[in-house]
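Enquirer: This is the structure I have questions about; it appears just below.
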Amino acid sequence: MAGADEADFLELLVANSRIGDWVDRIRARGNPARQKQALLLLQRAVESRSTYAEEARQAGVVPLLTRILGLTDDEEVLDASSAIIAACSGPMATAGKISTFTYDNAVVHIREGALGDGLGAKVWMVAHMLCLELASNRGLVAGQRVLELGSGCGVCGLAAAALGAGHVVLTDVEGPVLRNLRTCMHLNHKAEGNIATSAVAATAAAEVPAAAGAQELPSDCELFDEAEEVEDFDDMMADMMAVDGCGRKQTAHRSRAAAAAAADPAGTSPGMTQHHPQQQPLPGGVDDESAWEVGNTAVRVLDWAESRLLLDSGVALEQLAAPPAADAADAGGDVKNSVAAGPGGIAGGCEADMPPGVPVWERFPVIIGSEVMYEKVHAELVAAVVKHRLAPGGCAVLQCAVRELKVFEHFVRECRRRALRYRSRQLDPVSVFAPGRTGGGDGGGGCCSFEGILGRADEYEGGVLLMAIDHEDSPCLEWYRDDWEAV
């Protein structure tokens, strides 16, 4: 299956710089020849490279050139502008397409964003590995309250929901990623409604003789496969051109995109099936798509730095409890009640259309996360948020590609400092995605070799780690596997 890799992000950085320069030239007045040259360079770039088409779309090129079409009669400018708009609004603009993944019969629908939204805009190979791990060990999440750290598109958390989790909280910190995460949540809720509707219809059809010539209702999968590709232009442009409450234009690139340390191309295996991507929204029952919670799933903003602040303030986690409703409004300014109380502060700032924060007192029996550590500071933050958010007796399962071994060595030290027990096991992606792996799937070319950076699995210093974390003083008593290696 297609997926983004680290080369895409290197290209993205170049595209961001070049397109920014070309757009500035096009907007500038007083030098028509220079404007036209920039327009022609932009046309050549977006027609040949999807990365440039995505980046141009994020930069607001389509509305800009739409206005230009009404202001000029220069044939060359008209042709170039029309070609650029077509490239940014058609097949070259890949953001917004819907993909369907199946992990041993658990179906997840994902709309990936543009690469410019950051690492969370794409589904990475390691996320698929964690989904397959969950599907092979359903008891880990079945009936549990699950917190997913750094959800991105939410594929792991949504897989947990599909595998029978009681309630799943999907979290991230960046506005564009959170809004796309909300879209993914509603896509899956609608798909569940389609399945339920089809089941009711099938039961009714079995009880009442079908009329002559009546056609069967299409399945949810058929609805996806036969969907007409249409451009969700208005919604995407609203996100791209949004201005936050402080009057700052929301830029496409944040810190995680700048890290340029993405995982490898997403893989498929006999246990994981991908349907062809579509851009048409899923049909289904009516629900409020602006809601941040639906069914057994919620989207919340979660800034890991708030957990570090809380722990370093000396607050005892045992003191954290849900405040009485009558006292919630008078929570006051102490650290226990001010951290993670909502979308403000570090996480949300004054950006509009953000979800609520995770209440400071809320802890979870199960925490999952994939690709959550790229730098040493991430190791410190992840250890802090796991310590804070993991309920006594709970378990955290994280899966990451180890690009820099020192980052994960630092994470082990941070876990010890936070009185967390750390164990791990190394996974071979080749075996995870091998043809002989047990599980469901369509069997049609399911094997996808692990390519790694520059096409080699051993380019990662420490391979791919599956990590198990729990509290030293209140460990998990029923781990779903017993082959963890202590460090």
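Nothing in this text is a laboratory measurement; each read-out follows from the coordinates by a stated rule. Please read these numbers as outputs of a predicted model, since none were measured by experiment. Using ideal geometry, Cβ is built from the backbone for each residue, glycine included, and neighbour counts are taken over all protein chains shown.
Enquirer: Would you pull out the residues with amide H under 5 Å of L420's amide H, same chain only if 5 or more places away, H placed 1.01 Å from N?
Expert: Amide H neighbours of L420, under 5 Å, 5+ apart: E472.
Enquirer: ³J(HN,Hα) across the range 361-369 via Karplus (A = 6.51, B = -1.76, C = 1.60, θ = phi - 60°), whole Hz, x for Gly/Pro?
Expert: Going residue by residue, I get 8, 7, 10, 10, x, 9, 10, 10, x Hz, with x marking Gly and Pro.
Enquirer: Moving on. Tally Lys/Arg at +1 and Asp/Glu at -1 over every other residue whose Cβ is under 14 Å from the Cβ of L69; what's the total?
Expert: -4
Enquirer: Give the calculated FRET efficiency between D482 and T72 to the nearest 0.05, with a Förster radius of 56 Å applied to their Cβ-Cβ distance.
Expert: It comes to 0.20.
Enquirer: E112's amide H: which non-local residues (gap 5+, or another chain) put their own amide H closer than 5 Å, with H modeled 1.01 Å from N in plane and none for Pro or chain starts?
Expert: Amide H neighbours of E112, under 5 Å, 5+ apart: G96, K97, S99.
Enquirer: Quick one: what are the phi-derived ³J(HN,Hα) couplings along the range 290-304, Karplus 6.51/-1.76/1.60 with θ = phi - 60°, whole Hz, x for glycine and proline?
Expert: 8, 6, 9, 8, 7, x, 9, 9, 9, 10, 9, 8, 9, 9, 4
Enquirer: A further question on this structure: Ranked highest first by average number of other Cβ atoms within 10 Å, how do 405-414, 139-148 line up?
Expert: Order by mean packing, descending: 139-148, 405-414.
Enquirer: Cα-Cα over 32 Å: which of K122/K387; K190/K406; K36/K122; K122/K406?
Expert: Going by Cα-Cα distance, K190/K406; K36/K122 fall outside the 32 Å limit.
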